Amino acid sequence: MKTRICGTGSALPKRVVKNEDLSKIMDTSDEWIRSRTGIASRHLAVEETLAGLAAKAAAQALEEAEIAAEDLDMILAGTISADRLLPCELQRELGAAKAVAFDINAACSGFLFALQTADAYIRSGQYRNILVVGGEILSKLMDWNDRSTCVLFGDGAGAAVVRPDEAYGILSSVQGSDGARGGVLSCGGRRNNNPYVTNSTALSFVTMDGQAVYKFAVRTVPKAITEAVERAGLTVEDIDLFVLHQANIRIIESVSKRLRVSMERFPTNLSECGNISAGSVPVLLDDVNRRGLLNKGDKVVLAGFGAGLTWGASVLIW
Ligand code: UT7
């Protein structure tokens with residue numbers, strides 16, 4: 001039994017902020033951002049909620065999968081920036097009363113970890129119709145006085161409906177985490193208001209040692225993909241599309257070089273979306289799906305990596 005993606009969807013906030021717009025409010029430039037990252041603009045949520053974006057993406061995925069929200073057995077949402085700290089918001093938005101719902105915090109690997117969790121539930125036979133979502137409004141976790149992080153990220157959500165299938169779906173998965181190195185990309189929790197706590201820390205935002213994360217990514221991602229592809233009994237030459245987490249075009253180019261696979265097989269949306277963390281893989285997957293770049297039987301790699309540190313890769317037959 002395999003876990004097959006039967007429908008995809010995505011939603012981005014209306015407000016587009018270009019590099020030139022940022023250079024008017026902080027000491028940065030289009031040239032710096034574009035040359036270091038490949039990002040030209042990003043969507044930032046001004047009025048939208050994450051649950052609203054996720055529900056929009058989910059509605060498209062449900063429609064393509066020809067499943068009603070009421071028929072969902074489970075909703076798994078990969079995110080670190082939910083509107084509220086407690087779960088089940090998307091379930092409420094969708095009216096998916098029968099579903100079991102919870103959020104998964106694996107930062108930029110959130111969609112991959114949610115998909116792999118859904119795969120385990122489906123192969124165990126426990127659930128059949130699962131909605132997997134990855135989405136973020138990371139703009140609210142950014143320190144807008146820190147130009148080294150806030151220019152990199154964007155907001156948005158993507159979704160996939162997965163169901164059991166005999167022939168098509170996930171062939172293999174790899175996942176990993178390394179908490180010992182987690183300090184290189186971090187975000188503190190909420191301020192503690194407990195009167196018994198005397199050393200409560202201040203409000204905290206995302207901080208990153210960009211070069212350390214870069215080195216981690218270019219070493220770990222090719223290794224994880226190679227392992228997942230081998231576990232599937234394939235070689236990287238057999239893979240039609242590599243849908244990678246969109247953090248930096250230079251990271252994607254490095255992975256393509258290390259795997260000796262042409263960049264043509266690595267679609268990107270980094271230029272228009274920036275880094276959407278858990279949202280980047282499902283938003284890009286929906287984009288390639290809607291553009292008709294995926295044919296039945298194609299072999300696809302999905303891969304994510306990021307804070308934690310965490311990483312994950314899955315190989316599937318579309
Ligand atoms: O999804 C989560 C995973 N995250 C990632 O994968 C991020 C991985 N890392 C990266 O993508 C890159 O390391 C960055 C894009 C974050 C940074 O690129 P870099 O080539 O490593 O630049 P750097 O950190 O070495 O900074 C170089 C210079 C510094 O100035 P000095 O000290 O050389 O004078 C920074 O202060 O660039 C400066 N700088 C900026 N200048 C203009 C940093 N941010 C900016 C900015 N605009 N926005």
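The values are calculated or read from the model by the stated rules, or taken from the named source; none is laboratory data. This one's a predicted model, so the numbers in the text were calculated from it and none came from an experiment. Please note: Cβ atoms are built from the backbone with ideal geometry, for glycine as well, and neighbour counts cover all protein chains shown.
Of note:
- Considering the range 1-43, and only residues there that are surrounded by fewer than 21 Cβ atoms within 10 Å (Cβ to Cβ) and among the polar types (S, T, N, Q), the residue that is farthest from the ligand (Cβ to nearest atom) turns out to be Ser41.
- Candidate set: the range 159-189, residues that are among the β-branched types (Val, Ile, Thr) and in a strand (DSSP E or B); chosen: the one surrounded by the most Cβ atoms within 10 Å (Cβ to Cβ): Val162
- Looking only at the range 129-150, residues that are crowded, with 23+ Cβ neighbours inside 10 Å, within 14 Å of the ligand (Cβ to nearest atom) and outside any strand (DSSP E or B) come to 1 in all.
- Of all residues in the range 92-118 being of a type in the set (A, V, I, L, M) and assigned to a loop (DSSP other than H, G, I, E, B), the one that is surrounded by the most Cβ atoms within 10 Å (Cβ to Cβ): Ala106
- Among the residues of the range 268-306, those that are under 25 Å from Arg231 (Cα atoms) and within 16 Å of the ligand (Cβ to nearest atom) comprise Ala278, Ser280, Val281, Pro282, Leu284, Leu302, Ala303, Gly304, Phe305, Gly306.
- Filter pass, Val261 being buried (at least 19 other Cβ atoms within 10 Å of the Cβ) and either part of a loop (DSSP other than H, G, I, E, B) or within 16 Å of the ligand (Cβ to nearest atom) (or both): no
- Taken over the range 188-228, the criterion of being of a type outside the set (A, V, I, L, M) and under 28 Å from Phe242 (Cβ atoms) is satisfied by Asp209, Gly210, Gln211, Tyr214, Lys215, Phe216, Arg219, Thr220, Pro222, Lys223, Thr226, Glu227.
- The listed residue being farther than 16 Å from Ala313 by Cβ, of a type in the set (Val, Ile, Thr) and touching a residue at least 24 places away in the same chain (Cβ under 8 Å), out of Ile251, Ile276: Ile276
- Any hit, the range 160-182, residues being touching a residue at least 12 places away in the same chain (Cβ under 8 Å), farther than 30 Å from Thr3 by Cα, of a type outside the set (Asp, Glu) and not assigned by TED's automatic domain parsing to the domain that holds Ala99: yes
- Exactly one residue among Ala68, Ala59 is away from the ligand (no atom under 16 Å from the Cβ), over 21 Å from Thr79 (Cβ atoms) and of a type in the set (A, V, I, L, M), and that residue is Ala68.
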